[in-house]
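Novice: First, the structure itself, so that you have it in front of you.
The values are calculated or read from the model by the stated rules, or taken from the named source; none is laboratory data. Everything quoted here is computed from the prediction, not taken from an experiment. Ideal geometry is used to build each Cβ from the backbone, glycine not excepted, and the neighbour counts take in all protein chains shown. Side chains are part of the model used for accessible areas, which takes the heavy atoms of the whole protein and leaves out ligands, DNA and RNA. Shrake-Rupley method; radii C 1.70, N 1.55, O 1.52, S 1.80 Å.
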Amino acid sequence: MALLEIDDIHVFYDKIEALKGVSMSVEEGRIVTLVGGNGAGKSTTLRAVSGLLHPRQGAIRYAGETLGQYGAHEIAAMGLVQVPEGRRIFGRLTVNENLEMGAFTQKNRQQIAEDRERMLTLFPRLRERLRQVAGTLSGGEQQMVATARAMMARPRALLMDEPSMGLSPMMVEQVFETIRTINAQGVTVLLVEQNALLALSIADTGYVMESGRIVLSGSGPELLDDERVRRAYLG
Amino acid sequence: MSATTLTLRRFNAVDVILWLLRIGVLLIVVIGTLATLIKARYTIAQWLDFVMFGLTIGSIYAQIALGYTMVYGVLRLINFAHGDIVMTGAFAGYFAAAGFDRSGLLESRPVLAMAGILLVAVLTSTCIAVLTERIAYRPFRRVQGLAPLICAIGVSFFLEQTFRGLFGSSVKSYPDPSWLRAAFVVFGFRIPRVDVLVIGLALVFMALLYMVVQRTRMGTAMRAVAEDAEAAALMGIDVNRVIVFTFMLGGVMAGIAGVFYAFLYKQVYFFMGFTPGIKAFGAAVLGGIGSIPGAMLGGFFLGMVESVGPTLFLDGIGIPAPYQLRDLIAFTLLIMVLIFRPQGILGERMARKRA
């Protein structure tokens with residue numbers, strides 16, 4: 001059974017139906033990507049999974065449990081952690097405090113220290129900036145903080161919303177490298193991206209979304225070769 | 001020709017009035033201060049009295065302002081009932097103090113009695129602060145517009161009238177133990193003990209609060225929620241728990257401040273929270289609402305200005321009994337801040353929220 005199953009969810013903003021029956025499944029240990037244009041409903045899907053929005057219809061199942069009744073903080077504590085769109089790091093807190101907040105659900109002090117060490121090895125740039133207020137970092141460094149912060153929660157599945165947004169091509173490359181590293185450590189990744197080419201090239205499975213519906217799905221390479229995907233997203 | 005008309009147009013009537021206001025206030029302050037100093041009708045000892053009182057009342061404002069600023073930080077709500085939470089603390093402290101006074105404990109064991117009074121006051125004000133959040137504010141959490149503010153005003157009335165109903169509308173005089181009436185003599189100047197006690201303990205409690213906010217996990221979570229509650233929830237932080245924690249901290253400071261305020265003015269009554277509440281709210285705005293150091297700074301600054309200001313600014317201009325105009329000075333200062341620096345002394349503009 002898949003680690004995360006989204007089963008025909010309908011999400012409304014007031015009277016506007018943003019998701020019109022979305023179904024996806026994310027197998028444990030994979031990289032799954034959800035691509036599509038602006039306003040297709042990609043972020044809405046992730047917000048629903050994280051419990052920030054509640055579907056009016058349909059169900060989201062994670063590790064055998066239906067998420068419907070849980071709040072966002074409980075879902076995060078269950079190991080389903082999101083790196084939100086635009087990073088949303090705590091800009092007035094230091095980098096170290098940001099990491100500490102990522103580990104909010106963790107109780108074992110020693111394990112937290114080890115996790116922090118692991119993150120600082122993964123992102124050596126952050127080590128020099130530990131005591132610095134996070135809002136003063138560059139966009140690329142802020143993305144590192146956001147990713148490291150989420151990883152401090154020891155996620156079983158990491159949801160990433162547009163991690164490449166607003167970054168230089170070189171930084172984007174690094175972000176995707178990091179995603180691969182994290183995945184290789186056994187963390188399942190659900191990646192939402194506008195940059196379909198890059199996302200599909202590292203994904204095991206891909207879903208293409210258009211105005212609130214999944215219109216296409218398949219393996220990463222399959223979708224990269226698909227005529228319709230090429231025309232719509234890859235130019 | 002047309003260019004000049006355009007540049008002239010930019011100075012509209014409002015600008016002119018604001019500039020006149022600025023210049024007028026500045027003139028009054030400068031001329032008044034100089035005249036007062038030249039006349040030299042007050043002795044050093046008297047000025048020292050003003051300063052000490054300013055610091056004392058300022059430390060109380062600072063403590064109350066912390067409650068406003070922290071709740072505003074996490075909820076963007078102006079908790080109008082906070083002054084009345086202070087009142088509940090003062091009342092609870094009064095009953096403890098009156099009890100200790102009757103049993104003689106207040107005279108014989110000052111430290112123990114004071115600790116007992118503070119404990120009772122803090123427990124009461126904290127419980128009431130947390131209850132108001134749970135019962136009144138939480139249902140309004142997701143409501144836009146003015147409703148939460150109106151609700152806060154309602155809570156304020158509710159607390160005032162409940163205490164009036166329970167304990168009457170008369171003014172009760174706080175016990176006044178002899179050890180508090182005495183004064184220290186330093187270099188020949190008298191410094192009232194109550195001032196030293198209030199300022200000293202206020203500084204200790206504010207330092208403790210600052211440590212909690214800066215160094216503990218919950219304190220950090222509070223700052224995280226203040227910045228971005230949704231991102232905090234995504235990290236597994238229970239935002240409701242953090243909000244309760246915030247009201248608790250505010251309630252603790254309110255209870256302490258209530259006891260000090262009552263000891264300073266020697267009385268309690270159901271409406272006593274209103275004026276210090278409004279002024280402390282002003283102090284929080286003055287320092288930059290949402291900022292914790294700002295609230296402390298704003299409290300002391302407002303206390304100083306309203307204590308020293310009337311005599312310093314107005315006596316020289318020949319206004320009789322300027323001391324009675326201290327509220328005027330205090331609120332003029334607040335209006336000036338709102339007009340000329342709405343974000344407060346340490347406040348940052350709301351614009352740079354998300355990088």
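Novice: Working only within the range A:201-235, note down all residues that are in contact with a Phe, Trp or Tyr (Cβ under 9 Å, 6 or more places away or on another chain) and open to solvent by less than 60 Å² (accessible area, probe 1.4 Å).
Specialist: A:202, A:208, A:214, A:216, A:218, A:223
Novice: Does residue A:28 satisfy the condition of being surrounded by fewer than 19 Cβ atoms within 10 Å (Cβ to Cβ), touching a strand residue (DSSP E or B) at 6+ places or on another chain (Cβ under 7 Å), under 15 Å from residue A:160 (Cα atoms) and not aromatic (Phe, Trp, Tyr)?
Specialist: It is false that residue A:28 is surrounded by fewer than 19 Cβ atoms within 10 Å (Cβ to Cβ), touching a strand residue (DSSP E or B) at 6+ places or on another chain (Cβ under 7 Å), under 15 Å from residue A:160 (Cα atoms) and not aromatic (Phe, Trp, Tyr).
Novice: Now for a separate question. Give me a count of the residues in the range B:215-248 that are farther than 21 Å from residue A:70 by Cα and not small (Gly, Ala, Ser).
Specialist: Total meeting the criteria: 12.
Novice: Which ones in the range B:258-290 are open to solvent by 50 Å² or more (accessible area, probe 1.4 Å) and under 10 Å from the mean Cα position of the chain (by Cα)?
Specialist: Scanning the range B:258-290 gives a single hit, B:275.
Novice: Please pick out the residue among B:200, B:236 that is more than 17 Å from the chain's Cα centre (by Cα) and either at pLDDT below 95 or within 14 Å of chain A (Cβ to nearest Cβ) (or both).
Specialist: B:236
Novice: I need the full set of residues from the range A:88-110 which are assigned to a helix (DSSP H, G or I) and either open to solvent by less than 20 Å² (accessible area, probe 1.4 Å) or more than 7 Å from every other protein chain (Cβ to nearest Cβ) (or both), in order please.
Specialist: The answer is A:95, A:96, A:98, A:99, A:101, A:102, A:109, A:110.
Novice: Sticking with this structure for a sec: Within the group A:202, A:214, A:182, which residue is within 14 Å of residue A:36 (Cα to Cα) and in contact with a strand residue (DSSP E or B) (Cβ under 8 Å, 6 or more places away or on another chain)?
Specialist: Unique residue meeting the criteria: A:214.
Novice: How about the range B:203-233: which of its residues are away from every other protein chain (no Cβ under 14 Å) and among the aliphatic types (A, V, I, L, M)?
Specialist: Correct list: B:203, B:204, B:206, B:207, B:208, B:209, B:211, B:212.
Novice: Ok, one more. Output yes when any residue across the range A:73-87 is under 30 Å from residue B:290 (Cβ atoms), of a type in the set (Lys, Arg), within 20 Å of the chain's Cα centre (by Cα) and open to solvent by 10 Å² or more (accessible area, probe 1.4 Å), and no when none is.
Specialist: Taking every residue of the range A:73-87 in turn, at least one turns out to be under 30 Å from residue B:290 (Cβ atoms), of a type in the set (Lys, Arg), within 20 Å of the chain's Cα centre (by Cα) and open to solvent by 10 Å² or more (accessible area, probe 1.4 Å).
Novice: Can you name the residue in the range B:239-254 that is under 21 Å from residue B:90 (Cα atoms) and open to solvent by less than 10 Å² (accessible area, probe 1.4 Å) and is also farthest from the other protein chains (Cβ to nearest Cβ) among such residues?
Specialist: Checked the range B:239-254; the qualifying residue farthest from the other protein chains (Cβ to nearest Cβ) is B:254.
Yes/no per residue for (1) open to solvent by less than 40 Å² (accessible area, probe 1.4 Å); (2) assigned to a helix (DSSP H, G or I); (3) in contact (Cβ under 8 Å) with a residue 24 or more places away in the chain:
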residue: B:27; (1), (2), (3): no, yes, no
residue: B:53; (1), (2), (3): no, yes, yes
residue: B:57; (1), (2), (3): yes, yes, yes
residue: B:64; (1), (2), (3): yes, yes, yes
residue: B:68; (1), (2), (3): yes, yes, yes
residue: B:79; (1), (2), (3): yes, no, yes
residue: B:97; (1), (2), (3): yes, yes, yes
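Novice: Tell me which residues, restricted to the range B:137-158, are more than 21 Å from the chain's Cα centre (by Cα), assigned to a helix (DSSP H, G or I) and among the small types (Gly, Ala, Ser).
Specialist: B:147, the sole residue that qualifies.
Novice: For residue A:127, are the conditions met, namely being within 8 Å of chain B (Cβ to nearest Cβ) and at pLDDT below 95?
Specialist: No, not satisfied.
Novice: Among what's in the range B:308-342 and is in contact (Cβ under 8 Å) with a residue 24 or more places away in the chain and among the polar types (S, T, N, Q), pick the residue that is nearest to residue B:279 (Cα to Cα).
Specialist: Among those residues, the one meeting the criterion is B:332.
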